[in-house]
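The values are calculated or read from the model by the stated rules, or taken from the named source; none is laboratory data. In this text the structure is predicted, and so the values were computed from the model without any measurement. Here the Cβ positions follow ideal geometry from the backbone for every residue, glycine too, while neighbour counts run over all protein chains shown. Note: accessible area is taken over every heavy atom of the protein model, side chains too, but ligands, DNA and RNA are not part of it. Shrake-Rupley method; radii C 1.70, N 1.55, O 1.52, S 1.80 Å.
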Amino acid sequence: MVLLVVLLLVGAAAGLIYIPPQYTKTYMLALLAVLGTVGVSALFAMASGIMRLASKVHGNPLLKAVVDNAFDGILVTDQSGRVFYANATYLDLIGAADNNDVRPIERVFIGDPDVSESIYRLLKAAREGRRLQEEVRIAGAAGEGGRWLRMRVRPLGQGKADARMTVWKIADVTRERERQENVFQELQHAIDYLDHAPAGFFSVDAAGDIVYLNATLAAWLDHDLASVGAGSLKLTDIVAGEGAALLTTLNAAPGEVMTEVLDLDLKTRGGKPVPVRMFHKVAFGADGTVGTSRTLVLNRAKDDGSDPQRAAEVRFMRFFQNTPMAIATVDKAGRIARSNARFASAFEGLLKGDERSILSVVAERDRPALESAIRKAGEGQGDIAPVEAALAGHSERWANFFVSAVEEEDRDGEAAIVYALETTTQRTLENRVYQQQKMESVGQLAGGIAHDFNNVLSAIMMATDFLLNAHKPTDPSFQDIIQIKQNANRAAALVRQLLAFSRKQTLRPQVLDLGETLSDLGMLLKRLIGEKVTLEVVHGRDLWPVKVDISQFEQVIVNLAVNARDAMPDGGKLSVRTANVTASECGKFAYKGMPVADYVLVEVSDTGIGIPPDIIEKIFEPFFSTKDVGKGTGLGLSTVYGIVKQTGGFVYADSKPGDTAFRIFLPRHVPGAEDKLAQIPAGEAPAIAGAMSAADTMAKAATADLTGHGTILLVEDEEGLRALNARGLTSRGYTVLEAGNGVEAIEVLEKHGHADLVVSDVVMPEMDGPTLLKELRRRDPNVKIIFVSGYAEEAFAKNLPSQEQYAFLAKPFTLKQLVAVVKQTLAL
């Protein structure tokens with residue numbers, strides 16, 4: 001074609017030689033018009049596809065032959081749906097006579113409603129350049145069956161030109177679908193046979209979910225098959241008691257398939273037991289993981305009474321599987337031959353390896369004892385002593401193992417029967433009772449020692465007061481006396497801590513808002529913890545009021561803050577948080593011994609080194625300390641414990657490295673009429689209002705005139721202390737009558753007739769202080785009395801009438817404190 005065009009152009013140029021000059025211009029115009037017309041027509045033909053330029057790339061005849069004779073129909077179209085290529089198979093599938101009868105996909109199946117939606121999705125994918133596959137069923141002609149066609153569509157290639165072309169591939173998959181339907185029908189028949197077999201069948205995955213349950217077993221257990229397979233039915237929902245543990249605790253070597261025959265009780269949806277025999281088969285993966293199990297179930301409940309052996313076996317099975325004691329039979333080496341459900345449940349996770357040994361459930365230090373007991377049983381010995389052993393694992397658990405011999409070793413190698421009874425709860429309770437008794441014993445001892453020390457310290461402090469009054473500050477011995485007084489005060493502080501632990505100190509509770517109290521304490525805490533430790537105080541909203549002794553509560557927070565500071569030598573964070581805890585929220589803390597009620601929580605936490613688990617149970621014991629010698633008394637946390645307990649609250653500690661928290665639960669206070677007196681300012685409260693504290697008068701004692709007059713009956717069984725107190729009162733102008741106990745006090749009053757005030761110890765021989773007061777009230781209802789004691793006021797107040805009027809002064813006290821309380825009481 002190109003050569004022909006060239007020859008025509010050369011001939012037309014040569015013809016100019018023979019054209020007369022006057023016609024040359026016309027000839028040239030005519031030639032150009034012809035060439036222009038031909039060019040425009042050629043461009044139009046190429047644009048419309050009537051004429052194409054030959055490709056520079058020659059087709060591969062081998063590939064063309066493969067495509068032409070492919071089993072699947074192949075069609076190539078452009079974006080507008082015009083057909084560029086179709087192989088013979090495609091022509092046969094659409095029933096085309098020749099290439100002139102080729103039609104695109106959408107025109108072949110137009111008007112077929114069963115196919116139109118699939119064709120639409122395929123065409124949309126073709127326009128978007130995506131791959132897509134659809135399978136459609138084509139209705140056959142009259143008397144012929146339908147056909148299944150698999151249609152695929154994809155772009156021709158990744159290039160810009162190829163992306164505009166679409167390849168359609170159509171395959172007849174009728175026979176394939178028929179085979180699939182036949183397999184499906186056979187599977188349906190098999191499932192139907194299995195569902196309605198005269199035996200039950202179920203399958204469980206590794207998570208314990210029932211993945212299959214046949215209709216027979218579902219009918220036995222009254223379960224709906226629709227609930228199976230969605231994870232809503234668990235193994236524990238169909239197995240009674242702890243029997244599920246027998247199915248989930250099997251161990252075997254990787255790749256092994258294990259089959260166990262088990263007699264258990266299943267349970268219906270209503271909880272009724274159904275005795276069955278199971279053939280439980282489970283396969284283990286190459287890595288030892290448990291696969292999905294298959295279990296055949298035979299119902300042993302259907303019995304007309306003609307088989308007494310079956311009934312006996314069912315009774316024994318229920319006794320064996322439902323007993324609260326773990327039972328297992330073992331060989332001479334301790335390998336378990338069989339066990340009951342309780343054994344599998346109690347020691348789940350402790351039996352490791354394909355050769356399950358009962359020795360593996362016991363801590364290594366106790367294995368020799370259990371091994372020896374099993375060996376004795378294997379030798380036929382009787383009366384084997386029980387073995388108390390710690391169980392293996394991270395948690396602290398204990399059990400008693402009772403071993404008895406089998407009469408003669410059977411063919412399964414069973415040599416001994418081991419009965420195991422877990423005693424963890426019992427030991428925990430025993431330890432708790434022991435700890436409580438120890439704390440009470442130490443508290444009683446501490447309280448008794450504190451009382452005796454208070455008498456000694458009272459005498460020392462009173463004597464130093466006399467010495468200070470007799471010596472001037474310029475006297476060489478004055479500083480020595482001051483040193484004695486300071487050390488006596490330090491000893492008194494230690495005694496107060498002992499009394500706090502023993503819960504025998506005198507508390508002055510008042511209704512507080514803990515938020516305000518902690519805010520006022522903030523500056524002191526910052527000075528105590530230093531610059532390296534950051535203090536964070538987080539107040540709960542709308543805190544309930546509590547009734548506590550404010551000075552003792554502040555002591556609790558200070559002690560905890562100091563401990564936290566010492567646990568963070570390199571710095572850290574100290575947090576104090578408060579919150580209301582309702583009765584419904586108590587359960588989330590899971591603290592034992594704390595009754596359900598409303599509390600205000602005070603949490604003191606730090607980011608220090610933490611408290612080791614082996615000593616956290618001992619931290620509240622007096623004199624227990626992890627600090628170096630000389631860096632602590634060991635009474636800080638015991639004081640916290642005593643104060644909180646005496647207030648009616650609870651304190652617990654939780655610790656791990658980097659996070660230690662002390663949680664104090666104080667009872668919520670509901671205001672009542674008894675709080676009206678507590679609301680009177682301390683300076684304006686009456687001196688005798690059921691009881692009076694020396695702290696109310698100490699601030700005024702230094703400047704007030706402490707001299708007075710009147711007759712005072714001083715009752716004290718400690719002769720030395722009584723003499724010093726009498727001397728001190730006499731030096732202030734009072735007339736003092738002395739008595740060693742209550743009986744002597746009555747005799748002194750009968751002899752002298754009257755006393756303006758009685759100052760009496762509480763604990764005395766023959767007649768104690770409360771009894772003396774009752775006798776005095778009988779004689780003179782208006783008698784005034786001050787009780788002095790090294791014990792807490794509450795220790796004897798319960799022996800007095802609720803409205804009894806008296807004053808109280810705690811030992812040890814100074815001369816100024818004694819005369820100040822005496823003068824204030826006489827003034828009432």
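Miscellaneous remarks
- Dividing the convex hull volume of the alpha-carbon atoms in the stretch 147-266 by its residue count gives 221 Å³ per residue.
- Protection proxy ranking of 610-621, 265-276, by the mean of other Cβ atoms within 10 Å over each peptide's residues and highest first, is 265-276, 610-621.
- Between Asp383 and Ile110, the modelled labels are 10.7 nm apart [label points 7 Å from Cα along Cα→Cβ].
- Cα gyration tensor, the stretch 167-210 - rounded (a/c under 1.5), prolate or oblate: oblate
- Exposure ranking of Val670, Val257, Val715 by accessible area [1.4 Å probe, largest first]: Val670, Val257, Val715
- Among Val228, Val5, Val297, the order of accessible area from largest down is Val5, Val228, Val297, computed with a 1.4 Å probe on protein heavy atoms.
- Summary of packing: across the peptides 459-468, 366-375, the per-residue average of other C-beta atoms within 10 Å ranks them, highest first, as 459-468, 366-375.
- Full-stretch length increase - Lys592, Asp452 - with 0.36 nm per residue and alpha-carbon distance subtracted: 46.9 nm
- Anisotropy class of the stretch 97-195 from Cα gyration tensor, a/c 1.5 cut: prolate
- Lys, Arg +1 and Asp, Glu -1 on Cβ, resulting dipole of the stretch 169-294 about Cα centre, debye, nearest 20: 40 debye
- The stretch 524-547-the stretch 250-294 distance, computed between alpha-carbon centres (Å): 57 Å
- Viscosity 1.306 mPa s, 10 °C: Kirkwood-radius Stokes-Einstein D of the stretch 307-360 over Cα pairs, µm²/s: 130 µm²/s
- Cut-off 9 Å between beta-carbons: net charge of the residues surrounding Arg577, Lys and Arg +1, Asp and Glu -1: -2
- Residues Arg315 and Ala369, FRET efficiency given R0 of 51 Å [Cβ-Cβ distance, rounded to 0.05]: 0.90
- Taken over the C-alpha atoms, the stretch 528-570 has Rg and Dmax values of 13.0, 37 angstrom.
- For the stretch 194-260, the set of GluC sites (Glu not before Pro) satisfying both a DSSP loop assignment and a count of at most 14 other C-beta atoms within 10 Å is given as Glu256.
- Spatially proximal aspartates and glutamates relative to Lys169 (Cα-Cα < 19 Å; intrachain offsets below 8 disregarded): Asp68, Asp72, Asp78, Asp92, Asp98, Asp101, Glu106, Glu117, Glu128, Glu134, Glu135
- Here's the list of aspartates and glutamates a cross-link from Lys234 could span, going by alpha-carbon distance under 15 Å and ignoring same-chain residues fewer than 8 apart: Asp205, Asp209, Asp222, Asp224, Glu242.
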